[in-house]
Amino acid sequence: MKVKSHHLFLIYIFFFGCSEIDDSKIDEDEPGAKKSLHSKSIQILDAFGRDINNKSIKLVDWEGYLANPSIELTIKNHHKSKLKVHLTTNSSFAYFNLPSTISENRSYKLIQFLSSDEFKKFKIGLYPDSNSINEKLKLTIKIESKDKAISFFSIPIEIYDQDKGEEKYNFEIRADYSMDSRNFLDEPIKRNAIQKALNSWAYFIDGSEFQITSKEQEKTWVWIDKNFLKGRVIPNVQEFSGFLLYVYGYYNSEIRAAGESTEYSGFQRNSNNEMLKLRKSGSVSFDIRGNWDKSGWYYLLDEEDWWKIENFSGEQKDLFSVALHEVGHAIGFNKSYPEFKKMLQQGFVISPQIQSYFKGAIEIDQKTEHFSDQIDPESGNGLFGNHFGGEMPRKRWLITKSDLLILQAVGYKLKEFDYLKKFKVEYPSKIEIVRSQEIRFTPKIAGGIPGYLFEISKGVLPDGIRINSFTGVIFGKTEKRGTFQIEVKAQDHSVNKHSDSVNIIIVVK
Ligand SMILES: [Zn+2]
């Protein structure tokens, strides 16, 4: 993402009310952190009730083109009358839960308080980009009181980008345009949009075990009839590894796109020649005139423009969004896949991974093969087929973590990603320190959603040694010799409130 450089604007803080600075929180700061000099009319609280007015908001950009987790924050109004709180970010990539708006380099949400001491929650999320830069953004909180007095302050937004910059694949979804007899997809710009959709899915899948399919060993169904009644079966003219996808434009009576594999398609085999319950080919077709109406297609793929896409009726439809959806059907969300067929029959999908992430079964609409009305817990986005139903802005469509876990239940092996790991915090099990010497130990964190809470859950730290509750850094110096056994408990900012505990022995010599 590009971050527009704004002029540094002055931070005006009028003195509303007389709430005092909460010094107890500032104690946790590492040396050098500055105390706020102003009293506050509102407080922004994290999931653990900590004031973050003078801290930062941490957002993670998960690896791959995936709906990122959003985090929930709370605003507490200490003001004595009605208040309007205008939340603005300086990027279209950092956005708020609905109702909210997005425009060029800006996202906005209005929260209204009718009385003091009220709490209101909001969510802040991050649209994925493909770079690996940890952008620094900011949230500006503008407070408008009943008498129109205005003050504002900003909280930095730190982004932890897990993208690697260079994308490596071990599963290919290969586009074959030979059936595109009407030349709908001749333009490179359209093929870029299709390729981006194919890559988006392929990136998550580990296909390293799949065998190569030799020439004419695979048969694929493509439509020839405008009512989706008749098709024909075509052989592959070249060998391929991974998944072969015929992509083409045509006219159909429903003016819509379609994506599927079929029972004519063979099954993937692994290196031991065992048959897997995964298909090897499929097709995705687009009506040349548009999707569900004749408004045509939008196929520019500038990452910055993601928020301009609505996919509403009467508007051009985003070729990338629709391709992403139809490819999802072709590679897994289709009755031609034995495991998906079972899920359709029972009306839901469940697996140990889904149970722990989704906290229950995910319902499937048997007719559409969509996860209608289902919302991804961490991102707040709608699942596959519920692109207009999430609690976050409904723009260019995205794959959610829930969709990946369903693909896993269909039979795919997913590549290893931080967000598929269990939340884990690591410190050295034994820390030996010398009396009067400054120490600093930073934990390693895996599988969590940033905005952590660290606390000593058992035992006590030596006098003078402290733990930063936000970073988990153990720091300071002590004059006291001895052996100290402590347990550090860490919690992440996810809706599922993951936690981990670590035992540490501190020996002061
Ligand atoms: Zn669909």
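The values are calculated or read from the model by the stated rules, or taken from the named source; none is laboratory data. Since the structure is predicted, the reported quantities are computational estimates derived from the model, not experimental observations. Every residue, glycine among them, receives a Cβ derived from its backbone with ideal geometry; neighbour counts consider all protein chains shown.
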Quick one: which of Y419, Y412 is of a type in the set (F, W, Y), in contact with a Gly (Cβ under 8 Å, 6 or more places away or on another chain), in contact (Cβ under 8 Å) with a residue 40 or more places away in the chain and farther than 30 Å from I474 by Cβ? Y412
Taking the range 290-306 and keeping only residues that are buried (at least 19 other Cβ atoms within 10 Å of the Cβ) and within 19 Å of the chain's Cα centre (by Cα), one is left with W306
Within the range 71-103, how many residues are modelled with pLDDT of 95 or more and in a loop (DSSP other than H, G, I, E, B)? 8
Checked pairs for the range 252-268, first of a type in the set (K, R), second not in a loop (DSSP other than H, G, I, E, B), C-beta under 8 Å and 6 or more apart or across chains, list as R256/D287
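So that you can scan it fast, the table gives a plain yes or no per residue for (1) at pLDDT 95 or above; (2) assigned by TED's automatic domain parsing to the domain that holds L324; (3) loosely packed, with under 15 Cβ neighbours inside 10 Å; (4) under 17 Å from E326 (Cα atoms):
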| position | (1), (2), (3), (4) |
| --- | --- |
| W223 | no, yes, no, yes |
| R232 | no, yes, yes, no |
| P235 | yes, yes, yes, no |
| Y248 | yes, yes, no, yes |
| N252 | no, yes, no, yes |
| A258 | yes, yes, no, yes |
| S271 | no, yes, yes, no |
Answer yes or no as to whether K341 is surrounded by fewer than 20 Cβ atoms within 10 Å (Cβ to Cβ), more than 24 Å from the chain's Cα centre (by Cα) and at pLDDT 95 or above. yes
Considering each residue of the range 242-264, count those that are outside any strand (DSSP E or B) and among the aliphatic types (A, V, I, L, M), and give that number. 2
Qualifying position, being exposed (fewer than 14 other Cβ atoms within 10 Å of the Cβ) and either of a type in the set (D, E, K, R) or modelled with pLDDT of 95 or more (or both), among S469, S402, S494, S501: S501
Grab the helices (runs of 4 or more DSSP H) fully contained in the range 299-410, keeping just those with 3 or more residues being more than 16 Å from the ligand (Cβ to nearest atom). 338-346, 352-358, 401-410
Give the residue that is nearest to the chain's Cα centre (by Cα), with candidates limited to residues of the range 126-147 that are of a type in the set (D, E) and assigned to a loop (DSSP other than H, G, I, E, B). D129
